[in-house]
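The values are calculated or read from the model by the stated rules, or taken from the named source; none is laboratory data. The structure presented is a predicted model; accordingly, all values stated were derived computationally and were not measured. Quick reminder, even Gly has a Cβ in these numbers, built from the backbone with ideal geometry, and neighbours come from all protein chains shown. What goes into the accessible areas is simple: the full protein's heavy atoms, side chains included, and nothing from ligands, DNA or RNA. Shrake-Rupley method; radii C 1.70, N 1.55, O 1.52, S 1.80 Å.
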Amino acid sequence: MPEWTHFDENGNARMVDVTEKNPTIRTATAVGSLLVSEEVLSAIKGHEIKKGDVLTVAQVAGIMAVKQTSNLIPMCHPLLTQNCTVNFALEEKPSPRVIARCTVKLEGKTGVEMEALTGISVALLTVYDMCKALDKRMIMTDVHLEEKTGGKSGEFHF
């Protein structure tokens, strides 16, 4: 039977004890896309969204979300994020989309995968929120961990 790290011997939920682990440099990068109409993509490019500069606001929202992950995901440890970037690419083909990438880095005892995934999700949700007056048919898709480094489990590349 596997050892479930988030349950104690009685089946109760618990936070993993990381006090004995050695700190290592840890990074995680998550990516995702928001499928949009040509009208929305054009409005983002032309800075024509009435709520403001969509990508700058979404960038700040993603970084803020990274720092709040432990308040949203019950078993996540509060982490001292040492670096975080959120970047965007706008694609017209094969279909209009906003592609977002969030990278989180720190020296610590536990990984930052959930922080990167939370950051990318909130960044894309912010783009949706700012553009929904133009078109509510946007679709958030392909949110996933692209890579991670550090820690006991080593490297991961999607």
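Close amide H partners of residue 146, meaning residues 5 or more places away or on another chain with modelled amide H under 5 Å apart, are 29, 30, 31. Taken along its principal axes, the alpha carbon cloud of the chain reaches lengths of 54, 30, 27 Å, longest axis first. Within the chain, the longest run free of exposed loop sites, counting trypsin sites (Lys or Arg not before Pro) that sit outside DSSP helix and strand states (H, G, I, E, B) and have at most 10 other Cβ atoms within 10 Å, spans 51-135. Here is the list for region 90-128: GluC sites (Glu not before Pro) lying in DSSP coil, each with at most 11 other C-beta atoms within 10 angstrom of its C-beta, are 92. For the chain, the mean residue ellipticity at 222 nm estimated from helices alone is -9500 deg cm²/dmol, where every DSSP H run of n ≥ 4 contributes -39500 (n - 2.57) and the total is divided by all residues, rounded to the nearest 500.
Once both labels are positioned 7 Å from their Cα atoms along Cα-to-Cβ, the gap between residue 152 and residue 107 label points is 2.2 nm. From the cross-link list 51/109; 105/136; 109/136; 109/132; 93/148, which pairs have alpha carbons spaced over 30 Å apart? Violating the 30 Å limit, Cα to Cα: 51/109; 105/136; 109/136; 109/132.
Listed by number, the DSSP H helices of the chain that run 18 Å or longer by alpha-carbon position along their axis and have mean Kyte hydropathy of at least -0.5 are 54-72, 113-131. Projecting each Cα onto the charge dipole of region 21-109 (Lys/Arg +1, Asp/Glu -1 at the beta carbon, about the Cα centre), which of 99, 36, 83 comes out farthest on the positive side? The residue sitting farthest along the positive end of the dipole is 83. Working note: Debye formula, equal point scatterers on the alpha-carbon atoms of region 100-158, no solvent; log10 I(q)/I(0) at q = 0.30 Å⁻¹ is -1.28.
Heavy atoms of the protein chains alone define the surface here; on that basis the chain has 60 Å² accessible area per residue at 1.4 Å probe size. Tell me the net charge near residue 75. Cut-off is 12 Å between Cβ atoms, residue 75 excluded, with +1 for each Lys or Arg and -1 for each Asp or Glu. Cβ neighbours under 12 Å give a net charge of 0.
Diffusion coefficient of region 6-53 by Stokes-Einstein, Kirkwood radius over Cα pairs, 10 °C, 1.306 mPa s: 98 µm²/s. Only protein atoms count toward the accessible area here, which uses a 1.4 Å probe; on region 59-119, the carbon and sulfur part of that area reaches 55 percent.
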